[in-house]
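Report on the structure given below.
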Amino acid sequence: MQSRSLLNTKCKWYKMKNNRRTLSVRLPAGCLPPRLAAVAAELAERFSLRLYLQASQDLRVAEICEEDFETVKSLLAGAGAEFASKGTFPKPRICAGSRYCRRGQFDTEAFSTALLEHFGDREVKPKLKLAIAGCPRNCSNPKLADIGIVAGVHGFEVYVGGRAGAHPVAGQKIAAGVSQQEVFTLLDTLLAFHNGRTEKRVRMYQLIKDEAFPFPVL
């Protein structure tokens, strides 16, 4: 049976300068399933599309003509594609983790999957980015995400308020040495705070100095 997320074909799309469209296919843990890869490649040949992997570890499908858009979207959805849409819980950016990296101290893919299963039904306000690192080397740049999670020998560290872009801001530590379940509890509180304090597109770094921010900076 298909999961709830794979049945959702709503998506955000963007108009390119040449008036063609582009959309993003969410790839949990950055993994591209073989069937989806094959269908995307076939569609790229058939409709002269461009495919590339984004820094967010999603698949961007570009150069879609307006008249072909619904067909392309439908065929991708039929191959199991899940599309980013407004209010969707953010998919974490992750590093290779212990499954593929000898320095990794825990399985980032399993953690990302558990996170999406736990919070997947939760609606969030834009803009919120998550990142998970399997060791303190921070290859997935968790300190440049709104919420960053870093694995250590003695548990997880949690950072809030990071931002990349033209004027990077490093996230500030709000927890250290916590368990996975404690991370989930922290996230639940942070998401409720973000939802309750924003009416529009606001990043966490803009809220961390709010007097109602629920955690002290360590």
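Only one residue in Thr9, Thr71 is β-branched (Val, Ile, Thr), at pLDDT below 95 and open to solvent by 40 Å² or more (accessible area, probe 1.4 Å), so which one is that?
From the options Thr9, Thr71, the qualifying one is Thr9.
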Discussion item. Is it the case, given these coordinates, that Leu36 is in a helix (DSSP H, G or I) and at pLDDT 90 or above?
Written reply: yes
Worksheet item: Out of the range 39-61, which residues are crowded, with 17+ Cβ neighbours inside 10 Å and of a type in the set (Gly, Ala, Ser)?
Response: Ala40, Ser56
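The rows are residues; the columns are (1) open to solvent by less than 10 Å² (accessible area, probe 1.4 Å); (2) among the hydrophobic types (A, V, I, L, M, F, W, C).
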| residue | (1), (2) |
| --- | --- |
| Asn141 | no, no |
| Ile147 | yes, yes |
| Gly171 | no, no |
| Asp188 | no, no |
| Ala192 | no, yes |
| Met204 | yes, yes |
Practice prompt. Looking for whichever is under 14 Å from the mean Cα position of the chain (by Cα), farther than 27 Å from Tyr14 by Cα, surrounded by 15 or more Cβ atoms within 10 Å (Cβ to Cβ) and aliphatic (A, V, I, L, M) here; the options are Leu115, Leu130. Which one fits?
Written response: Leu115
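The values are calculated or read from the model by the stated rules, or taken from the named source; none is laboratory data. Computed from a prediction, not measured in an experiment: that's the story for all the values here. Every residue, glycine among them, receives a Cβ derived from its backbone with ideal geometry; neighbour counts consider all protein chains shown. Calculation scope for accessible area: heavy atoms of the full protein, side chains included, ligands and nucleic acids excluded. Shrake-Rupley method; radii C 1.70, N 1.55, O 1.52, S 1.80 Å.
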